[in-house]
Every structure is written in C-alpha cells, then in structure tokens.
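Just so it is clear, none of the values below were taken in a lab; they were calculated from the coordinates. Treat the numbers as computed from the prediction; the structure is a model and nothing was measured. Neighbour counts run over all protein chains shown; Cβ positions are idealised from the backbone, glycine included.
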Amino acid sequence: MSYYFWDLFLNPVLMSGFWGYLTAQLIKVICDSVKNRRFSLARIVGAGGMPSSHSAMVTAASAAAGMSYGFTSGIFGLAVIFSMIVMYDAAGVRRAAGEQAKVLNDLIDKLFSEEQVDFKELKELLGHQPAEVFAGAVLGIFIGIGCCLWIY
C-alpha cells in the first residue's frame with residue numbers, strides 16, 4: 001500500500017501541477033512583498049495576483065500530459081480543454097466578481113460613512129488580469145516540461 005503512495009511523486013502530470021502551483025504562489029508572495037514593502041505569508045494561499053497559480057497549475061499538468069502521453073492523445077486534449085476553462089474563469093468570471101465586490105465596498109463606505117455599521121468587507125482580489133493568466137500559463141508550460149524531463 002505505501003509503495004503505491006510514493007508512486008504519486010513519480011507521476012509527472014501530478015507533480016507538474018503541484019510545482020506549477022507552488023512556484024506561482026511563491027512568486028506571488030515575493031512580488032507582493034516588493035510592491036507593498038512588507039512580507040505577507042497570507043498571500044501564499046490568496047487568490048489573484050501575478051502570476052496566476054491556477055493557470056500555472058493547469059498548464060503545467062497539460063504540458064506534462066502532452067510530454068508523457070503524446071500531444072495527439074485524448075488525455076492531452078482533455079487537459080488543454082480543462083486548462084482553457086480554468087484560465088477563462090480566472091480572467092473572466094472571478095475577475096468580474098472582484099470588480100463587483102470593489103463597487104459594493106465603495107458603496108457601503110459612502111452610505112455608512114457617518115454611522116458605524118457592522119459589515120464584513122467583501123474580498124476584492126478574486127480574479128486575474130489577462131497578463132497574470134498569460135504569465136501563469138507560460139510558467140506552467142516550462143514547469144510541466146521541466147518536471148517531465150526530470151522524472152524521465
């Protein structure tokens with residue numbers, strides 16, 4: 001049983017996705033620390049920012065699937081379709097939700113600026129700019145290829 005567990009660490013698709021996500025999140029912490037001149041470990045799990053860790057994870061897994069099973073395989077095709085859906089969501093739907101949260105937060109601030117009202121501020125950093133998604137995708141492709149070359 002334990003032998004099969006350790007085999008997961010030799011799965012290039014799984015490991016590429018893992019390293020793509022982790023690398024993007026670490027880059028995000030560094031970029032945020034430089035930009036805000038303070039270290040925030042909370043950014044390691046936060047959404048939004050440069051580069052998109054979701055894009056890095058799915059494109060790394062897709063690249064590894066292509067390298068492992070062939071770029072004409074069904075698994076690669078499925079991985080690419082899944083990647084496109086995730087990246088569209090990151091740049092479209094989640095970004096729009098973040099923009100709506102910002103408008104609502106501003107509206108609440110203006111409405112209740114004179115009275116103390118107890119409300120929880122909405123999270124505004126939900127989605128990504130297209131450049132953040134693109135950067136995550138490029139990072140993921142390189143990590144996916146690198147993981148395959150390392151494992152094989």
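General observations
- Cβ-to-Cβ counts within 10 Å put MET84, MET57 in ascending order as MET84, MET57, the fewest first.
- Against the empirical 2.2 N^0.38 Å (N residues), segment 1-104 has a Cα radius of gyration ratio of 1.28.
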